[in-house]
There are 2 protein chains.
Amino acid sequence: MPALARYLPVLEWGRAYGTTTLTNDLVAALIVTIMLIPQSLAYAMLAGLPPEVGLYASIAPIIAYALFGTSRTLAVGPVAVISLMTLTAAGSVAPPGSADFIAAALVLALLSGLILLLMGVLRLGFLANLLSHPVISGFITASGILIATSQLKSILGIEAGGATLPDMVRSLAANIGDTNVPTLVIGAASTAFLFWVRKGLKPLLVSAGLRPRTADLLAKSGPIAAVAASTLAVIAFDLEASGVKVVGQIPQSLPPLTVPLFDPGLWQKLFVPALLLSIIGFVESVSVAQTLAAKKRQRIDPDQELIGLGAANVAAGFTGGYPVTGGFARSVVNFDAGAETPAAGAFTAIGILLAALFLTPLLASLPIATLAATIIVAVLSLVDLKKPVEILHYSRPDFIAMLATIGVTLLVGVEPGVIAGVLTSLVLYLWRASRPHAAIVGRVPDTEHFRNVKRHEVITDPHVITIRVDESLTYLNARWLEELVLETVAANPAMRHLILMCPAVNAIDASALESLETINRRLADAGIDFHLTEVKGPVMDALARSHLPQLLSGRIWLTQHEAFKTLTGAQGPAPAPGSPPDVAAAAG
Amino acid sequence: MPALARYLPVLEWGRAYGTTTLTNDLVAALIVTIMLIPQSLAYAMLAGLPPEVGLYASIAPIIAYALFGTSRTLAVGPVAVISLMTLTAAGSVAPPGSADFIAAALVLALLSGLILLLMGVLRLGFLANLLSHPVISGFITASGILIATSQLKSILGIEAGGATLPDMVRSLAANIGDTNVPTLVIGAASTAFLFWVRKGLKPLLVSAGLRPRTADLLAKSGPIAAVAASTLAVIAFDLEASGVKVVGQIPQSLPPLTVPLFDPGLWQKLFVPALLLSIIGFVESVSVAQTLAAKKRQRIDPDQELIGLGAANVAAGFTGGYPVTGGFARSVVNFDAGAETPAAGAFTAIGILLAALFLTPLLASLPIATLAATIIVAVLSLVDLKKPVEILHYSRPDFIAMLATIGVTLLVGVEPGVIAGVLTSLVLYLWRASRPHAAIVGRVPDTEHFRNVKRHEVITDPHVITIRVDESLTYLNARWLEELVLETVAANPAMRHLILMCPAVNAIDASALESLETINRRLADAGIDFHLTEVKGPVMDALARSHLPQLLSGRIWLTQHEAFKTLTGAQGPAPAPGSPPDVAAAAG
């Protein structure tokens, strides 16, 4: 059943499952579970949701992805940027934390899942290409700054709001007087500890004789140490009484079965946010999955990934979760811990399930400031301020698109930021595509090669002008080609033959074909014959189905050399440069 | 003052103006004026406006274009498709013919003028490229069908409505019982006469000894004959009493000075229609202007054309007109009648002005059915049903875009039709751009040429695989390239070197650069060196500003031949096909 196996990759890897693989997967699952518990709580909080929602979003979605996804090691669950987008989108219909807000997050997960499934079935994964790397990089950097800033209030123990950077900063500044000192101490200590764990602990462990991979995995469990230490501190010194905010009672329960509201008005409002969130999540997830797959010479199928992630989000919508995607940090941990198949993901899901059932009472006194610290340390690693400089150095249009993304994301919001980036990239791309490179060429003496007259000493003829276009001819540049030809005609009054040299033309669409016919007609009106040379095979096949070959006043030549030799030879010796154009009578 | 002359082309042609030119321009102006009078009335009626508005729209706009436009012979004024779009757009805010509707038409002209001016100043003319030829052609055909159908009610002398084809047909069918026989006689006779004038009169005149050009110009004045004859018939037989609707009293006046309403709500509602109407008008006008300019080896400047048309529409907004553009029929008449400079346009404006002042009383008894006949005959020549078949034959994606445009225009409306066409073309373009042509190549024996392994008998090596990409590397295909490489790696377990051959790569944007770095990293993880060959000069210059040359595990080679020879030579003899991949240990 190869067709079924294509949509259900589990059928393939499941058959070869053995004891060694099982052991490896179980070890990886244990490590990932430990890492995921604080992360899931923290991201749910970032999204404005109760902490248990983060745990629920890490159970059913993982299993759904394990069944339908093509990556062996991708770990699906809540991630920072998607959590921020959920906060913004659900926050536009209800206040964060309210019952309506939680309902909106479920709808968002279901809608996002359906969009991904639909894109997968229609094989529309290529639309994710509209997010260029500079736009994604800019968006992630800007989101990282927004997220880190939004967590400062929890570190300081104050109330503050705002959805844009200026609003957040204003709100923080207005309320900084209310800072709660014990909270600040816990928050600052956790942040400093987690930064040290990230940067300083691993080298220390390695120098103490641990293997680098083990040292790395130990360092990655830093957040659990911070969670344990700060929770114990709260209990030991009764810091709750001093105003330190804690997570509080988390219900001990299996993920609830939820049915997302079917409210057409709500669906309509959430459609665009869900679409953006789906595409961003997909792009992130696929690039992580591809990177990991490449290390083992495996492949993932991006269109099937849409189905895997779509199933994961639908599962999140029906089990009290919120939008999820393949996360970078957890996937790398899963990979490094030795996960071999998606079964590791399923075991992780069981681990989190057990945590949701039995560990939650231990988390009641966990300070919010510690979770904020884990978020800040995680997202600041996403902020890359060197990238814009590099890109400015390499490509101006890419830099403009990146700057537009960062600026609009910080100053207006996450959704307008993504849209601004996509539109800026697209307009700049279309602008460049509408004016490709072209050159007037002449023959290099004693060869059959033709080169740009502006860069080389070449043989030309005032009667026979050759234009070489270095791009496929499409509707985006068809009008440009017409103008280029008119310009060339106006600049070469003695011209009798115009040759379009097409070695780099990979396609000619219907608009460009019509432009070639127009050019041919206009040139004929001006007494000039129009020729094509070096037309590629597939392009020639297409042209043969059109009227152009019959209409053409000139010919289609196999080689430029042959055309140039024949046309210049028939012309006789070239007249002196100043001589009157002898074709003027034919014009008009 | 070359800079000033650039924005005011009149400074250039005005200096060389002499008596011969004056005579030619005056003769052309007289002929165009005669043709324009019935056309202007008819198109104003089509747009749902009082007939005099058509005359006003043919006075100040022509003069504004004469000052700022770059075409010597383009004739600006009301045209069929733009009139239909005006009816739709202004009709969405007020009932046709009402004072609010007329006010909306003025706002539409002003807005459209401002949009065109802004696009001209920002040199955004390339955005018009988004309208591919099949989309324009489909839109004009569909609009022609809509317009002709909308005029049937005037030919039948009945009331009918509807904005989409099915609605129009239903409404006509429901009211056909009210047909007014005298109106139908006049309408049918006018239509038949005008068709005959178009097809039969010219050959007759030519065979009677007239020169073809004169015969053509005489045939083009057919509408004036129909107008005169039917007006006389109405007066002679007092057909108004029998229910034949006539134009009625037209005020005898100079164009009024009008100030378009500045109502932000109205401007916002009309913005998108004005934008679409501007771009469609611009595309039509530029293609007419280019065709005529080419006949005299002149050039037009599309960005300056935006300014010329923008000025014309602003002028229309302030002098009681409605949106205008360069019309095909009138421009050809102007050209054929011998117009040499935009002064001919100015003289035409004076002619129409005199008509508005003195001839309007003669038009009071002109039957509406005759105007409807002139519209039907004019627009049916725009309907091209052979084109879709031709395009289907040439290019499937272009046909899909055309079909979407025609279908949506007929069944939903003109604005959704244009938008559907633009989006369909764009999505199909992006789809193709996201998966360009690429081939694995090998060396043709005894040559330095490399060709597709699937099409030619070539020399390959299991350790050294070469991929040739026939397209620039951009963000649209960056992810495709990553996948292609991963696929190739998975399919060639013995690979030690991967060469990307770039003779057709005209650019590498920042996304593609990052993908190349990612590919390089992933290949290194799998123990494979990554090489580039035949990188073009400008692309190499850009790469030199990036980190890629330092990061690259392999090298950037000048020629593919050198790279292949060196890498396969260093490798020793190729192992037998079945031998175990000797780089597997390096993977993962």
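The values are calculated or read from the model by the stated rules, or taken from the named source; none is laboratory data. Quick caveat, the model's predicted, so the values are computed rather than measured. Positions of Cβ are generated from backbone atoms using ideal geometry, with glycine treated the same way; all protein chains shown enter the neighbour counts. Only protein heavy atoms, including side chains, enter the accessible area calculation; ligands, DNA and RNA are left aside. Shrake-Rupley method; radii C 1.70, N 1.55, O 1.52, S 1.80 Å.
Listed values, structure above:
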quantity: Beta bridge orientation in chain B: antiparallel %, DSSP, nearest 5; calculated: 50 percent
quantity: Values of log10 I(q)/I(0), in the order q = 0.04, 0.05, 0.08 Å⁻¹, for the protein assembly as shown under a Debye, Cα-only, solvent-free model; calculated: -0.29, -0.45, -1.00
quantity: Filter on B:LYS220/B:LYS295; A:LYS220/A:LYS296; B:LYS386/B:LYS454 - keep pairs with C-alpha separation over 27 Å; calculated: B:LYS386/B:LYS454
quantity: Accessible area of chain B belonging to carbon and sulfur atoms, whole % at 1.4 Å probe; calculated: 66 percent
quantity: Two-site FRET efficiency, A:ASP238 against B:ARG545, from Cβ-Cβ distance with R₀ of 51 Å, rounded to 0.05; calculated: 0.30
quantity: Three-way shape call for segment A:454-566 based on the alpha-carbon gyration tensor, with the a/c threshold at 1.5; calculated: rounded
quantity: Cα gyration tensor shape for segment B:427-499, rounded if a/c is under 1.5, else prolate or oblate; calculated: oblate
quantity: Inter-probe distance in nm under a simple model that places probes 7 Å from Cα toward Cβ, at B:THR179 and A:ARG455; calculated: 7.0 nm
quantity: Estimated dipole of chain A in Debye, rounded to 20 [Cβ of Lys and Arg +1, of Asp and Glu -1, Cα centre]; calculated: 1040 debye
quantity: Calculated FRET efficiency for the pair A:ARG123/B:THR447, C-beta based, R₀ 35 Å, to 0.05; calculated: 0.35
quantity: Innermost chain A residue relative to the axis carrying A onto B, by Cβ distance in angstrom; calculated: A:ALA504, 3
quantity: Cβ neighbours within 10 Å from other chains - mean over A:473-480; calculated: 6
quantity: For A:GLY97, inter-copy label distances in nm, listed shortest first [label point 7 Å out on the Cα-Cβ vector]; calculated: 6.2
quantity: Rounded Å value of the spacing that divides the Cα centres of segment A:199-256 and segment B:43-105; calculated: 72 Å
quantity: Residues in segment B:534-569 occluded by at least 10 Å² - accessible area, probe radius 1.4 Å, against chain by itself; calculated: B:LYS536, B:PRO538, B:ALA542, B:ARG545, B:HIS547
quantity: Residues in segment A:119-140 occluded by at least 30 Å² - accessible area, probe radius 1.4 Å, against chain by itself; calculated: A:PHE126, A:ASN129, A:LEU130, A:HIS133
quantity: Among A:TYR475, A:ASN175, A:PRO95 - extreme Cα towards positive end, dipole of the protein assembly as shown, charges at beta-carbon; calculated: A:TYR475
quantity: Solvent-accessible area per residue, Å², over chain A with all protein chains present [probe radius 1.4 Å]; calculated: 40 Å²
quantity: For the pair B and A, total buried accessible area rounded to nearest 100 Å², probe 1.4 Å; calculated: 6600 Å²
quantity: Point-charge dipole on Cβ atoms (K/R +1, D/E -1) for segment A:68-178, about Cα centre, debye to 20; calculated: 400 debye
quantity: Estimated Rh, segment B:142-261: Kirkwood, alpha-carbon pairs, angstrom; calculated: 17.1 Å
quantity: Centroid-to-centroid separation of segment A:459-495 and segment A:108-168 [C-alpha atoms, Å]; calculated: 46 Å
quantity: Residues in segment B:294-308 occluded by at least 30 Å² - accessible area, probe radius 1.4 Å, against chain by itself; calculated: B:ALA294, B:LYS295, B:ARG297, B:ARG299
quantity: Within segment A:491-575, chymotrypsin sites (Phe, Trp or Tyr not before Pro) in DSSP loop having at most 15 other beta-carbon neighbours inside 10 Å; calculated: none
quantity: Loop-located GluC sites (Glu not before Pro) in segment B:434-496, at most 14 other Cβ atoms within 10 Å (DSSP); calculated: B:GLU448, B:GLU457
quantity: Ascending list, in nanometres, of distances separating the A:PHE195 label from those of the other copies (7 Å, Cα toward Cβ); calculated: 8.4
quantity: Nm distances between copies for B:LEU551, ranked from closest, using label points 7 Å along Cα→Cβ; calculated: 4.7
quantity: Cα-based reach from B:LYS245 at 20 Å (exclusive), listing aspartates and glutamates while leaving out same-chain residues under 8 positions away; calculated: B:GLU52, B:GLU159, B:ASP178
quantity: Rounded if a/c under 1.5, otherwise prolate or oblate - segment A:220-349, Cα gyration tensor axes; calculated: oblate
quantity: Segment A:419-536 - share of DSSP beta bridges that are antiparallel (%, nearest 5); calculated: 45 percent
quantity: Within segment A:89-129: backbone nitrogen closer than 16 Å to the A:ASP263 label point (7 Å, Cα to C-beta); calculated: A:89-111
quantity: Within chain B, longest stretch free of exposed trypsin sites (Lys or Arg not before Pro) [DSSP loop, at most 10 other beta carbons within 10 Å]; calculated: B:1-453
